[in-house]
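Written below as structure tokens is the structure these notes are about.
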């Protein structure tokens, strides 16, 4: 016979609940968004392709241009070398230039003596009117020298005409500048003596001459002129017509 067991003393039986296992449904991945394409290429690939093509074209163009310039430079250098070789073979060119001062001859004097050297008879006694200084008139006398008063001024002029022009200018500007001495005999140029041979600087230096045109003052008359022989030392005079 089994021992009596009090129900109150019987061991308590605890039943543990079995946790329910959750089985989640398989997650479904969303389909990827389609990328934009152009001619089968994505936009990024297309942009990179364009940039690469542009850079390639620039590099090719630079290379071609550099090559052309290099060829031109080489051609020019070759031509220069060829010309230098020809010049060296020909030898230095020697040119001798002789420069001498033209000394007027008796025949060429006529161009600077208003015709006195070659046509003294036709020129002597004729008048010349200056182009400046109130157009003063002088009478020319070939192969003559104004009386030997001390000259007012010695000048170097290109011809007989300019000598008379200088005489007229002297009177105009001296009287205008020195009004207090305007009545002085030295304030008026009344005659000139022109020596054509001394138009050449070399001839004037050899003769120790201070010029070829001598301005004279004082009373001047045709009868008082000194005759001068024609030739290398010829001299021609002119007198102010009002004198």
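Considering only residues in the stretch 147-168 that are at pLDDT below 95 and either assigned to a loop (DSSP other than H, G, I, E, B) or in contact with a helix residue (DSSP H, G or I) (Cβ under 6 Å, 6 or more places away or on another chain) (or both), the one that is surrounded by the most Cβ atoms within 10 Å (Cβ to Cβ) turns out to be 152. Every test in (1) out of contact with any helix residue (DSSP H, G or I) (no Cβ under 9 Å at 6 or more places or on another chain); (2) more than 18 Å from residue 128 (Cα to Cα); (3) not in a helix (DSSP H, G or I) is passed by residue 176 save one, and that test is (3).
Residues of the stretch 215-236 that are within 17 Å of residue 160 (Cβ to Cβ), surrounded by 20 or more Cβ atoms within 10 Å (Cβ to Cβ) and touching a helix residue (DSSP H, G or I) at 6+ places or on another chain (Cβ under 9 Å): 215, 216, 234, 235, 236. Residue count for the stretch 77-128 under the criterion of being at pLDDT below 80 and in a loop (DSSP other than H, G, I, E, B): the result is 17.
The values are calculated or read from the model by the stated rules, or taken from the named source; none is laboratory data. Note that this is a predicted model, so its numbers are computed, not measured. Because the Cβ atoms are built from the backbone with ideal geometry, glycine has one as well, and the counts that use them run over all protein chains shown.
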